[in-house]
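Participant: Encoded as structure tokens, here's the structure I'll be asking about.
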Amino acid sequence: MDIAWDITPDDLEALEIGANVLGTGGGGNPYTVKLYARELLKQGKRITVIDPLTLPDDALVVAVGGMGAPTVSIERIIRGDEFLHAVRALERHVGRRIDALISKEIGGSNSMRPMLAAALGNLPVVDGDGMGRAFPELQMCTFFIYGLPAAPAALCDIRHNVVLFEEVRDAFWLERMARAVTIQMGCHAAYAMAPWSGAEIKRTAVLHTVTQARAIGAVVLEARRRQENPIPPLVASQGGCVLFQGKIVDVLRRVTGGFARGEVTIEGLDDYSGEHLTIDFQNENLIARCGEMVLCTVPDLICILERDTATPINTELLRYGFRVVVVGFPAPAPLTSAQALQVVGPQAFGYDLSYRPLALTP
Amino acid sequence: MQQRIGIDVGGTNTDAVLMQGQEVVGWVKTLTTADVTSGIVTALQELLQQTSAVPGAIRGVMIGTTHFTNAVVQRRHLTPVAVVRLGLPATECVPPLTDWPEDLRELVGQATYMLPGGHEVDGRPIVPFEPQAMEDAVYDIKARGLTDVAITSVFSPVDPSLERQATAIVQRMVPEALVTLSCDIGRLGLLERENAAVMNACLRRMGRTTVQAFRQALAIVGLHAPLFLTQNDGTLMSAAYAEQYPVLTFASGPTNSMRGAAFLTGVADAMVIDIGGTTADVGALVKGFPRPASLAVEVGGVRTNFRMPDVYSFGLGGGSIITAEPLRIGPQSVGYELTSQALAFGGTVLTASDIGLAAGLAVFGAVHLLHGLAPSFIQRCVDTIGQMIADSVDRMKISAAPVPLIAVGGGSFLVPDALAGVSQVLRAPHYAVANAVGAAIAQISGEVDHTVTLGTRSRDEALAQAKALAVERAVTAGAHPDTVQVIDVEEIPLTYLPSNALRIRVKAVGDLQLPE
């Protein structure tokens, strides 16, 4: 593990793929964020990643990202500097310089958004995050599960409208209020939240997930370069398993409470011929069932990959006829404690199911 | 039985077939000419003569063309475009054409304008549109002498009004300008829609002259039947529509040839390779239709979000230029100049066709002109070509099990009879004109794309309503009511909005009902 390394343009390509895989169907596509990050590197800006274990205990770290609807972020693309703008607003509030930035969510586009603020503000990015994947709600993250404060937090929109939450009861309240503000801001906004200490980050973060996302992307790119199917090496490298293989035959969607909920039905092919797999999703894939048998549940990762290229298929892009392989990866340890399962386990999503870790020999 | 003519205008060959009902009555293959018209005239005259068909009895002419795709891929005949985006301060960090190949950007997109405007997802303005800023941009566009303009506004699929306002300003100040609006072409996804609009704009002048050439050719041979062009999904659009939206012809070639291959062999599940003069396309047929690409598709290195057949194209065709030491086959091609430039036709360029001829795979031209080629070199070329084909088929296969491969296209003599991973190589009757057959059997579609609020009605009701409307539109466009089927349903929930808004796109297709 390197103590510090600079992101290269090739790393960005690998990160894009890795972040999409860890997005488990949600988290938004990092493509446009990557384009801007690439442009910033071209201009000579640097994105330095540091190992969280090397953070001084009294360092000040801020989580940076975007919240809102992924459909909006592919159409109303970001301005570019709103993330750093939010960080600077927090700095002014606490009266101290921030030492490093961290992603709250390595799955999807929030994996790279801290890097934009890092390049523009000359700040390092911590190799880790608060989920090790993607989740639909703000409070579903290890920083809050393990008791870090949710305020102060800043939201900034493309017009540089800034809203500062000076004090909030907890992350649930921040989520409720931030969502209301975000809708007014056009359903997408940049956030910077709660300067935390280096000690707190080391205690609560899912560690080394930037490295993990980059490694996932590198495995996929290498297999594609050799014109081999990337899924077997991907599954092997992440200690996961293939859950199912087949063709999408139905996608049912409904929007409730602002989330894209639904279920996708996959008809088995080859070894799975004659069987059907159903996956429930709420922005991200939540539960995979084969008949009555539950194969995989949150917080374990359920990824729907295009069969030949291993390209992850976002829940919004699921469509009849796609040939897919469904793979499961075990959740990182900080998500599977009793304390964490109350927030990110199946019951937190309204299912009358208890979490059973992914059986790695299906 | 109704007679119709299908024509495929490729980079190298122009093919035409006359079909009566389900039967191929006659076919011809001629060379594409630089002026397009005379090649089509020749093909049509030969076809009419060969079949003794009466022009007045032809009920429809369907043309499939790779002209526009090739123009982008080869960077030829493209007009510089003024690219206008309305959306600031949003989108500022990713200017138009950011991810385009540099050579294409230099050729097409030197003038880009990012202006305040655009909408939020719920229809509110991002910031007010500034007509003055648009006018300033148009002064600059005018000063640069640009007359092709692409306008893209953020969330124009939800509210197209700003693109129309901006278009009115362009048309008032530069009356001769041809403006492409992104909302008329693409779907949500700003960069991909903008890319499609810019590509359409850079092809508009060529679209005009090309469609005009098609019309002229029909007039010369006395054909007055309605003229259609095939689109990327294998369905038809009127010639007038195609003139405005040439970009919609992208990838219609592979779709036509795969549909034609299925029709001609009666095999609905197989791999298909179509080798033309410049490129080869490989795809998978599933139940008689090409397997659609699941994700973003690149054309000439540019990312788009059209729904297109999942096709792998590589630079191998009858006209591929071969150089020795190191051995290179394609992607450069002599194209329609095959019969003047290739060695076997007395030219000076070694092509894949010359190798096919020298190796005894095909018969044309003057074989004695090829005596200078060493047998070992010919074998190396044949082996390399076979390997290129085997690799590309393997890449597109759906499973490891051996599958039939249908070989079509004028260059399909380059496909060896035995290939790894292929159960048998099928050579369809009329294989050389599968493309034109696919165009002749193309269907007509009706589409619905609208946003509904679920409250008073259920998702099922909204879907049923949209499907019925799509079927109705297909019939209005000329489809036979008994043959119309819904082939594509897409729902996009608009998350983070208080109401249950759902965007529904439905496509229905049916056989074209031609006037008696």
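The values are calculated or read from the model by the stated rules, or taken from the named source; none is laboratory data. The structure presented is a predicted model; accordingly, all values stated were derived computationally and were not measured. Cβ coordinates were reconstructed from backbone atoms using ideal geometry, including for glycine residues, and neighbour counts include every protein chain displayed.
Participant: Can you pull out the residues in the range B:389-438 that are modelled with pLDDT of 85 or more, of a type in the set (A, V, I, L, M, F, W, C) and in contact with a Ser or Thr (Cβ under 7 Å, 6 or more places away or on another chain)?
Facilitator: Scanning the range B:389-438 gives B:Val403, B:Ile406, B:Val408, B:Leu426, B:Ala434.
Participant: What's the total number of residues in the range B:215-237 that are hydrophobic (A, V, I, L, M, F, W, C), farther than 27 Å from B:Val486 by Cα, touching a residue at least 24 places away in the same chain (Cβ under 8 Å) and surrounded by fewer than 23 Cβ atoms within 10 Å (Cβ to Cβ)?
Facilitator: To start, the set of residues in the range B:215-237 that are hydrophobic (A, V, I, L, M, F, W, C) comprises B:217-221, B:223, B:225, B:227-229, B:236-237.
Now restrict to residues that are farther than 27 Å from B:Val486 by Cα: B:217-221, B:223, B:225.
Of the ones still in play, those that are also touching a residue at least 24 places away in the same chain (Cβ under 8 Å) are B:217-218, B:220-221, B:223, B:225.
Retained after the next criterion (residues that are surrounded by fewer than 23 Cβ atoms within 10 Å (Cβ to Cβ)): B:220-221, B:223, B:225.
Matching residues across the range B:215-237 total 4.
Participant: Of all residues in the range A:232-247, how many are surrounded by 21 or more Cβ atoms within 10 Å (Cβ to Cβ) and assigned to a strand (DSSP E or B)?
Facilitator: Residues in the range A:232-247 being surrounded by 21 or more Cβ atoms within 10 Å (Cβ to Cβ) and assigned to a strand (DSSP E or B): 4 in total.
Participant: Look through the range B:406-418, keep the residues that are surrounded by fewer than 24 Cβ atoms within 10 Å (Cβ to Cβ) and touching a Gly at 6+ places or on another chain (Cβ under 7 Å), and return whichever of them is farthest from B:Thr278 (Cα to Cα).
Facilitator: Taking the candidates together, the pick is B:Pro416.
Participant: Which members of the range A:178-205 meet the condition of being over 12 Å from A:Leu55 (Cα atoms) and touching a Pro at 6+ places or on another chain (Cβ under 7 Å)? Steps first, please.
Facilitator: Applying the first criterion (over 12 Å from A:Leu55 (Cα atoms)) to the range A:178-205 yields A:178-195, A:204-205.
Passing the criteria: A:Ala194, A:Ala205.
Participant: Same structure, new question: Can you give me the number of residues within the range B:408-458 that are aliphatic (A, V, I, L, M), under 30 Å from B:Gly386 (Cβ atoms) and in contact with a strand residue (DSSP E or B) (Cβ under 9 Å, 6 or more places away or on another chain)? Explain how you work it out, then say what you get.
Facilitator: Taking the range B:408-458 as the starting set, the residues that turn out to be aliphatic (A, V, I, L, M) are B:408, B:414-415, B:418-420, B:422, B:425-426, B:428, B:432-434, B:436-437, B:439-442, B:444, B:448, B:452, B:454.
Among the residues that remain, those that are also under 30 Å from B:Gly386 (Cβ atoms) are: B:408, B:414-415, B:418-420, B:422, B:425-426, B:428, B:432-434, B:436-437, B:439.
Add one more test, that the residue is in contact with a strand residue (DSSP E or B) (Cβ under 9 Å, 6 or more places away or on another chain), and what stays is B:408, B:414-415, B:418-419, B:422, B:425-426, B:428, B:432-434, B:436-437, B:439.
The qualifying residues number 15.
Participant: Take the residues in the range A:25-50 that are hydroxyl-bearing (Ser, Thr, Tyr) and either modelled with pLDDT of 95 or more or assigned to a strand (DSSP E or B) (or both); name whichever of them is surrounded by the fewest Cβ atoms within 10 Å (Cβ to Cβ). Reasoning before the result, please.
Facilitator: If we filter the range A:25-50 for residues that are hydroxyl-bearing (Ser, Thr, Tyr), which is where we start, we get A:31-32, A:36, A:48.
This time we only want the ones that are either modelled with pLDDT of 95 or more or assigned to a strand (DSSP E or B) (or both), so: A:36, A:48.
Values: A:Tyr36: 24, A:Thr48: 16.
Restricting to residues being hydroxyl-bearing (Ser, Thr, Tyr) and either modelled with pLDDT of 95 or more or assigned to a strand (DSSP E or B) (or both), the top hit is A:Thr48.
Participant: Now for a separate question. Tell me the residue from B:Glu192, B:Glu163, B:Glu243 that is of a type in the set (Asp, Glu), crowded, with 18+ Cβ neighbours inside 10 Å, modelled with pLDDT of 95 or more and outside any loop (DSSP other than H, G, I, E, B), please.
Facilitator: Details: B:Glu192 fails: modelled with pLDDT of 95 or more; B:Glu243 fails: modelled with pLDDT of 95 or more.
Sole residue among the options that is of a type in the set (Asp, Glu), crowded, with 18+ Cβ neighbours inside 10 Å, modelled with pLDDT of 95 or more and outside any loop (DSSP other than H, G, I, E, B): B:Glu163.
Participant: Would you check which residues across the range A:302-338 are among the hydrophobic types (A, V, I, L, M, F, W, C) and within 14 Å of chain B (Cβ to nearest Cβ) and list them?
Facilitator: Taking the range A:302-338 and keeping what is among the hydrophobic types (A, V, I, L, M, F, W, C), we get A:302-305, A:310, A:313, A:317-318, A:322, A:324-327, A:329, A:331, A:333, A:335, A:338.
Scanning the range A:302-338 gives A:Ile304, A:Leu305, A:Ala310, A:Ile313, A:Leu317, A:Leu318, A:Phe322, A:Val324, A:Val325.
Participant: As an exercise: evaluate B:Gly56 against (1) farther than 16 Å from B:Val221 by Cβ; (2) out of contact with any helix residue (DSSP H, G or I) (no Cβ under 8 Å at 6 or more places or on another chain) and give the number of the one condition it does not meet.
Facilitator: (1)
Participant: Also, quick follow-up: Quick one: which residue in B:Val349, B:Val297, B:Val302, B:Val286 is within 14 Å of chain A (Cβ to nearest Cβ), touching a strand residue (DSSP E or B) at 6+ places or on another chain (Cβ under 8 Å) and β-branched (Val, Ile, Thr)?
Facilitator: B:Val297
Participant: On to the next question. Take the range A:169-195 and flag every residue that is away from chain B (no Cβ under 14 Å) and in contact with a helix residue (DSSP H, G or I) (Cβ under 7 Å, 6 or more places away or on another chain). Full working, then the answer.
Facilitator: Residues of the range A:169-195 that are away from chain B (no Cβ under 14 Å), as a first pass: A:169-174, A:177, A:191-195.
Within the range A:169-195, A:Ala171, A:Tyr191, A:Ala192, A:Pro195 meet the criteria.
Participant: Another question about this same structure. With respect to the numbered conditions (1) in a helix (DSSP H, G or I); (2) surrounded by fewer than 21 Cβ atoms within 10 Å (Cβ to Cβ); (3) of a type in the set (Asp, Glu), which one is the sole condition not fulfilled by A:Asp308?
Facilitator: Every condition holds for A:Asp308 apart from (1).
Participant: Among the residues of the range A:59-76 satisfying the criterion of being more than 18 Å from the chain's Cα centre (by Cα) and not basic (Lys, Arg), which is farthest from A:Leu155 (Cα to Cα)? Give the steps one after another, and end with the answer.
Facilitator: Here is the first cut: in the range A:59-76, the residues more than 18 Å from the chain's Cα centre (by Cα) are A:59-61, A:75-76.
Going one step further and asking which of them are not basic (Lys, Arg), we end up with A:59-61, A:75.
Working: A:Ala59: 22, A:Leu60: 19, A:Val61: 17, A:Glu75: 20 Å.
Among them, the one singled out is A:Ala59.
Participant: Does B:Ala82 satisfy the criteria of being buried (at least 18 other Cβ atoms within 10 Å of the Cβ), within 27 Å of the chain's Cα centre (by Cα) and among the small types (Gly, Ala, Ser)?
Facilitator: Working: buried (at least 18 other Cβ atoms within 10 Å of the Cβ): yes; within 27 Å of the chain's Cα centre (by Cα): yes; among the small types (Gly, Ala, Ser): yes.
Considered against the rule, which asks whether it is buried (at least 18 other Cβ atoms within 10 Å of the Cβ), within 27 Å of the chain's Cα centre (by Cα) and among the small types (Gly, Ala, Ser), B:Ala82 comes out as yes.
Participant: In addition: Please go through the range A:163-200 and give me each residue that is surrounded by fewer than 19 Cβ atoms within 10 Å (Cβ to Cβ) and outside any helix (DSSP H, G or I), ordered by number.
Facilitator: A:Leu164, A:Glu166, A:Glu167, A:Arg169, A:Asp170, A:Ser197
Participant: What pairs come out if I take residues in the range A:149-166 that are closer than 15 Å to A:Val64 by Cβ and pair them with residues that are polar (S, T, N, Q) whose C-beta lies under 8 Å away, six or more apart or interchain?
Facilitator: Sorted first by the residue in the range A:149-166, then by its partner, the pairs are A:Ala150/A:Gln139; A:Leu155/A:Thr182.
Participant: Tell me which residues, restricted to the range B:475-489, are within 19 Å of B:Tyr241 (Cβ to Cβ) and out of contact with any helix residue (DSSP H, G or I) (no Cβ under 9 Å at 6 or more places or on another chain).
Facilitator: Filtering the range B:475-489 down to residues within 19 Å of B:Tyr241 (Cβ to Cβ) leaves B:475-479.
Once the filter is applied, which keeps residues that are within 19 Å of B:Tyr241 (Cβ to Cβ) and out of contact with any helix residue (DSSP H, G or I) (no Cβ under 9 Å at 6 or more places or on another chain), the range B:475-489 yields B:Thr476, B:Ala477, B:Gly478.
Participant: Collect the residues in the range B:99-122 that are out of contact with any strand residue (DSSP E or B) (no Cβ under 6 Å at 6 or more places or on another chain), more than 11 Å from chain A (Cβ to nearest Cβ) and not in a helix (DSSP H, G or I), keeping them in residue-number order.
Facilitator: Correct list: B:Pro101, B:Gln110.
Participant: Within the range B:355-364, which residues are in contact (Cβ under 8 Å) with a residue 24 or more places away in the chain and either part of a loop (DSSP other than H, G, I, E, B) or buried (at least 24 other Cβ atoms within 10 Å of the Cβ) (or both)?
Facilitator: The first filter runs over the range B:355-364 and keeps only residues in contact (Cβ under 8 Å) with a residue 24 or more places away in the chain, leaving B:355-356, B:361-362.
Result: B:Ile355, B:Leu361, B:Ala362.
Participant: Anything in the range B:234-248 that is within 17 Å of B:Thr180 (Cα to Cα) and out of contact with any Leu (no Cβ under 7 Å at 6 or more places or on another chain)? List them, or say none.
Facilitator: B:Ala240, B:Tyr241, B:Glu243, B:Gln244, B:Tyr245, B:Leu248 - these are the residues of the range B:234-248 that are within 17 Å of B:Thr180 (Cα to Cα) and out of contact with any Leu (no Cβ under 7 Å at 6 or more places or on another chain).
Participant: Within the range A:130-149, which residues are surrounded by 22 or more Cβ atoms within 10 Å (Cβ to Cβ) and in contact with a Phe, Trp or Tyr (Cβ under 6 Å, 6 or more places away or on another chain)?
Facilitator: Residue satisfying the conditions is A:Gly130 alone.
Participant: I would also like to ask the following. Scan the range B:78-98 and report the pairs whose first residue is within 14 Å of another protein chain (Cβ to nearest Cβ) and whose second residue is of a type in the set (Gly, Ala, Ser), with Cβ atoms within less than 6 Å and a gap of 6+ or a chain change.
Facilitator: Correct list of pairs: B:Leu86/B:Gly117; B:Leu86/B:Gly118; B:Leu86/B:Ser153; B:Gly87/B:Gly118; B:Glu92/A:Gly80; B:Cys93/A:Gly80; B:Leu97/B:Gly109.
Every residue, every condition in (1) within 12 Å of chain B (Cβ to nearest Cβ); (2) buried (at least 24 other Cβ atoms within 10 Å of the Cβ), yes or no:
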{"position": "A:Arg76", "(1), (2)": "yes, yes"}
{"position": "A:Asp81", "(1), (2)": "yes, no"}
{"position": "A:His93", "(1), (2)": "no, no"}
{"position": "A:Ile98", "(1), (2)": "no, no"}
{"position": "A:Ser103", "(1), (2)": "no, yes"}
{"position": "A:Ser109", "(1), (2)": "no, yes"}
{"position": "A:Pro114", "(1), (2)": "no, yes"}
{"position": "A:Leu120", "(1), (2)": "yes, no"}
{"position": "A:Gly128", "(1), (2)": "no, yes"}
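Participant: Go through the range A:282-301 residue by residue and tally those that are within 12 Å of chain B (Cβ to nearest Cβ) and part of a loop (DSSP other than H, G, I, E, B).
Facilitator: 1
Participant: Something else now. Determine which member of the set A:Leu101, A:Leu90, A:Leu53 is more than 19 Å from the chain's Cα centre (by Cα), in contact (Cβ under 8 Å) with a residue 24 or more places away in the chain and under 17 Å from A:Ala154 (Cβ atoms). Outline the logic, then answer.
Facilitator: Working: A:Leu101 fails: more than 19 Å from the chain's Cα centre (by Cα); A:Leu53 fails: under 17 Å from A:Ala154 (Cβ atoms).
Residue meeting the stated conditions: A:Leu90.
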